[in-house]
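Data first, discussion second: the structure below is written as structure tokens.
The numbers here are math on the coordinates, done by the rules we state, and not lab data. Small disclaimer: the values here were computed from a predicted structure and weren't measured. Cβ: placed from backbone, ideal geometry, glycine included. Neighbour counts: every protein chain shown.
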Amino acid sequence: MTPRILVLNGPNLGRLGSREPEVYGSTSYAGLVERCATVAGELGYQAEVRETNDEGELIRWLHEAADGALPVVLNPGAFTHYSYGLRDAAAQRTAPLIEVHLSNPYAREEFRHTSVVAAVASGTIAGFGIGGYELALRAVAERLATS
Ligand code: DQA
């Protein structure tokens, strides 16, 4: 069976393509799903790409990943900046977890300069648009190959 990587997206990310394209790019969410599937496939993994506007659902998915030792690529959206519940769920990880942002939050409004998730992630990739998801998938594969 092909090993899985969960690609989890928080609030408003399902609206990619139409949401502030000057900030987040013009690729649609469907385009993101396709790109992740292709890249993961090339790396020998199956990407399971999900999105939710619901904090509890995102937390439950992180529990699922922790229980199943599943690697995670996580874009928590705005939850990044204030959700301690999400941070505590990410801290339970049992496999690599890479935090991804399409934009570079450090070059934006001050409230985006804090990530409560970063300290419990394996690493963070920000500012490279949807290409950041590809970098994160490669980082997960490399981390798993060398661990
Ligand atoms: C984001 C950055 C967050 O500040 C914002 O709330 C998002 C998207 C990004 O991918 O750049 O929803 O996580």
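Just give me the residues in segment 24-40 being on the phi < 0 side of the Ramachandran plot, in contact (Cβ under 8 Å) with a residue 40 or more places away in the chain and buried (at least 18 other Cβ atoms within 10 Å of the Cβ), in sequence order.
Residues satisfying the conditions are Tyr24, Leu32, Arg35, Cys36, Val39, Ala40.
In segment 7-15, is there at least one residue being among the basic types (Lys, Arg), over 21 Å from Ser122 (Cβ atoms) and within 15 Å of the ligand (Cβ to nearest atom)?
yes
Mind checking which residues of segment 81-96 are away from the ligand (no atom under 15 Å from the Cβ) and touching a Pro at 6+ places or on another chain (Cβ under 9 Å)?
Arg93, Ala95, Pro96
Give the residues of segment 120-129 that are part of a loop (DSSP other than H, G, I, E, B) and in contact with a strand residue (DSSP E or B) (Cβ under 6 Å, 6 or more places away or on another chain), sorted by residue number.
Correct list: Ala121, Ser122.
In this structure, does Ala78 turn out to be more than 11 Å from the chain's Cα centre (by Cα), closer than 15 Å to Gly10 by Cα and surrounded by 21 or more Cβ atoms within 10 Å (Cβ to Cβ)?
no
For Ala78, state whether it is small (Gly, Ala, Ser), within 16 Å of the ligand (Cβ to nearest atom), touching an Asp or Glu at 6+ places or on another chain (Cβ under 9 Å) and on the phi < 0 side of the Ramachandran plot.
no
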